[in-house]
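Derivation of every value follows stated rules applied to the coordinates shown; laboratory data play no part. Remember, it's a predicted structure, so these values are computed and weren't measured experimentally. Please note: Cβ atoms are built from the backbone with ideal geometry, for glycine as well, and neighbour counts cover all protein chains shown.
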């Protein structure tokens, strides 16, 4: 499976074990990082998509690829990657935040999933590992028709979501209680009602490292609750339920110093980013370990799928 690194902010290219993997390709898009970081208008995003298509050799992915592209400030780049898919897919999103806000007139790292869900080939969205901005003041911006119809199915990290429309939506958390980590047996039980849907089509995976604890990943946002082992357990379980059919994958959440161009992006940086002190070398080491582990799991599951297919 191809590994693509979109260098928007220098976060991933600082990881030699990732960049040096056989077959990896680095695409220099640093000119665009400050232009789209956190948010941009749809016209600018369309221009970015054109440049991305030129860099990747076309507007369609002819085979599955894994794409790493830096900070979670760029999670809306996943929308551009999802638009490159042509076959019907289910979408697995592992993220501390919902990223599905509606009614926002710009494209933001917190709105991309709303637009991805409207793509005709994206059938069911599985949101895993969430905790913040689901049942607080942002609750009215959730896609309630999708949640009630189960187009979006939610597996929080450690707690059920409460209040408002959540009383009519199933939100069984990954952990049985906040202190007991997810294990494969519990995940098997959680996935049981969803196996038919997961087996129906390939899975596209998008991971934001902010779903992980700070001791596992260093991000530009507030950190989540999951351990790296829990993330890989969830990833393996969903991929196996999909028969190992991976349409592609991406990962964001690699910390980088914020360089944002324009008054809107600078304001968002001041208002939305938490005030954290980061050691760049610690960030590089932890995030490189996460990226390497994700790549290993994706490669292993792809080999298992290919082996099973060869026996049929």
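Round to the nearest 0.05 the FRET efficiency obtained for residue 59 and residue 214 when R0 = 45 Å and r is the Cβ-Cβ distance.
Efficiency at R0 = 45 Å is approximately 0.75.
Hey, what did the chain get for relative contact order, percent, Cα under 8 Å, at least 6 apart?
On the way: 601 pairs, mean separation 65.0, N = 312.
After rounding, I find 21 percent.
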*Report the paramagnetic label zone for residue 119: residues of the stretch 69-93 whose backbone N is under 16 Å from a point 7 Å from Cα along the Cα-to-Cβ axis.*
69, 75-93
*For the pair residue 41 and residue 160, how long in nm is the line joining their label points, each one 7 Å along Cα→Cβ?*
4.5
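With 10 angstrom as the radius, rank 127, 108 by how many other C-beta atoms surround their C-beta, starting from the fewest.
Working: 127 23, 108 19.
With the sparsest Cβ surroundings first, the list reads 108, 127.
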*Kindly put 94, 106, 36, 158 in sequence by how many other C-beta atoms sit within 10 Å of each C-beta, fewest to most.*
106, 158, 36, 94
*Taking the chain as a Gaussian network, Cα atoms linked when under 10 Å apart, which of 60, 258, 104 shows the biggest mean-square fluctuation?*
104
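Please give the contour-minus-distance gain from residue 259 to residue 200: 0.36 nm per residue of separation, less the Cα-Cα distance, rounded to one decimal in nm. Could you put the intermediate results ahead of the total?
On the way: separation 59, 0.36 × 59 = 21.24 nm, distance 4.17 nm.
Here the segment from residue 259 to residue 200 would lengthen by 17.1 nm.
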*asked:* Please compute the modelled spin-label separation between residue 222 and residue 21, points set 7 Å along Cα→Cβ, answer in nm with one decimal.
replied: 3.1
*Quick one: which of 16-28, 285-297, 38-50 comes out on top by average Cβ neighbours within 10 Å, and what's the full order, highest first?*
285-297, 38-50, 16-28
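Can you give the calculated 222 nm mean residue ellipticity of the chain, where each DSSP H run of n ≥ 4 adds -39,500 (n - 2.57) and the sum is split over every residue, rounded to the nearest 500 deg cm²/dmol? Present the calculation step by step, with values, prior to reporting the outcome.
Numbers: 11 runs with 109 residues, N = 312.
Value at 222 nm, helices only: -10000 deg cm²/dmol.
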*Where labels lie 7 Å past Cα in the beta-carbon direction, separation of residue 137 and residue 275 in nm*: 1.8
